[in-house]
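*Asks:* Have a look at this one.
Computed from the coordinates by the stated procedures, all read-outs in this text should not be read as laboratory data. Note that this is a predicted model, so its numbers are computed, not measured. Reconstructed Cβ throughout: ideal geometry from the backbone, glycine too, with neighbour counts over all protein chains shown.
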Amino acid sequence: MIKIGIITGSTRDSRVNIQVAEWVKSIAEQRTDAEFELVDIKDYNLPKFNEPIPAIMSQDYQAPEAKVWSKKIQELDGFVFVTPEYNKAITSGLKDAIDYLYVEWNHKAAGIVSYGSTLGVTAANNLRLILTVPKVATVGTQPALSLFTDFEEMTTFKPAPFHEETVQTMLNEVVAWSTALKTIRS
Ligand SMILES: Cc1cc2nc3c(=O)[nH]c(=O)nc-3n(C[C@H](O)[C@H](O)[C@H](O)COP(=O)(O)O)c2cc1C
């Protein structure tokens, strides 16, 4: 059974991110074709990126937190990134979490769920570009949530029902691609 990590994209204390990530997980758990796990980057307490050697050259990480993060990403076959949009990009916390690792990401698939006042689509496109370098293949279907219509007071997540079907379509693609890409990893 392949393992898919639902990765949070915000670490601030007052984030709405965890509500969206838990919703994605509740939809994913209706499936039997993969195992799904919430992977909250906040739990890993990664320090601001300060590794002496980039992960593309060495996995001998200096930060103890990075070793734990490496082990988690290594054991996953695919991902769903749940990202907000900060100044038209992903958060620095998510960028650091990606930058810490390299081979752990290689030849795996990902879906993206975005949200923001403009649906987070620019951040999602930014994330797609970033993920090309660590060789993560991003699927096309992308649920995009509005802070104005899928949240009450921009804080309490109340998604429009139609998004659930889009999440399932995205997961179909993530599971298929994650399964296929597993065959080319050693
Ligand atoms: C520093 C900062 C920059 C932001 N920039 C954008 C933006 O460019 N586009 C957008 O749609 N929303 C933007 N927002 C609004 C966020 O999408 C909104 O605050 C959302 O709740 C952030 O996700 P989080 O609560 O999970 O951290 C920004 C918020 C912050 C804090």
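*Asks:* Which residue out of Y61, Y100 is of a type in the set (F, W, Y), over 26 Å from I27 (Cα atoms) and buried (at least 19 other Cβ atoms within 10 Å of the Cβ)?
*Replies:* Y100
*Asks:* I've got another one for you. Sort out which residues of the stretch 133-186 are assigned to a helix (DSSP H, G or I) and either within 20 Å of V16 (Cβ to Cβ) or more than 20 Å from the chain's Cα centre (by Cα) (or both), and write them in order of number. Full working, then the answer.
*Replies:* We begin by selecting, within the stretch 133-186, every residue assigned to a helix (DSSP H, G or I); these are 163-182.
If the condition is that a residue be assigned to a helix (DSSP H, G or I) and either within 20 Å of V16 (Cβ to Cβ) or more than 20 Å from the chain's Cα centre (by Cα) (or both), then H163, E164, T166, V167, M170 are the ones that fit.
*Asks:* A further question on this structure: Looking only at residues in the stretch 152-186 that are touching a residue at least 40 places away in the same chain (Cβ under 8 Å) and among the charged types (D, E, K, R), which one is surrounded by the most Cβ atoms within 10 Å (Cβ to Cβ)?
*Replies:* If we take residues in the stretch 152-186 being touching a residue at least 40 places away in the same chain (Cβ under 8 Å) and among the charged types (D, E, K, R), then E173 is surrounded by the most Cβ atoms within 10 Å (Cβ to Cβ).
*Asks:* For the stretch 110-124, which positions are assigned to a helix (DSSP H, G or I) and in contact with a Lys or Arg (Cβ under 9 Å, 6 or more places away or on another chain)?
*Replies:* Residues satisfying the conditions are T122, A123.
*Asks:* For Y115, are the conditions met, namely being within 17 Å of T8 (Cβ to Cβ), touching a Leu at 6+ places or on another chain (Cβ under 6 Å) and within 11 Å of the ligand (Cβ to nearest atom)? Show your work before the answer.
*Replies:* Values: within 17 Å of T8 (Cβ to Cβ): yes; touching a Leu at 6+ places or on another chain (Cβ under 6 Å): yes; within 11 Å of the ligand (Cβ to nearest atom): yes.
Yes; evaluated as a whole, the condition is true for this residue.
*Asks:* Next up: With Q59, Q74 as the choices, which residue is over 16 Å from the mean Cα position of the chain (by Cα), in contact (Cβ under 8 Å) with a residue 24 or more places away in the chain and under 18 Å from V136 (Cβ atoms)?
*Replies:* Q59
*Asks:* Can I ask one more? Before we move on, is L127 within 16 Å of the ligand (Cβ to nearest atom), in a helix (DSSP H, G or I) and not β-branched (V, I, T)?
*Replies:* yes
*Asks:* Can you tell me which condition A109 does not meet? The list is (1) over 25 Å from T183 (Cα atoms); (2) touching a residue at least 60 places away in the same chain (Cβ under 8 Å), and all the others hold.
*Replies:* It is condition (1) that A109 fails.
*Asks:* Can we say T32 is under 12 Å from the mean Cα position of the chain (by Cα) and not aliphatic (A, V, I, L, M)?
*Replies:* no
*Asks:* What pairs come up if the first residue lies in the stretch 122-137 and is of a type in the set (D, E, K, R), the second is surrounded by fewer than 20 Cβ atoms within 10 Å (Cβ to Cβ), and their beta carbons are under 6 Å apart, counting only those six or more places apart or on different chains?
*Replies:* K135/N106; K135/H107
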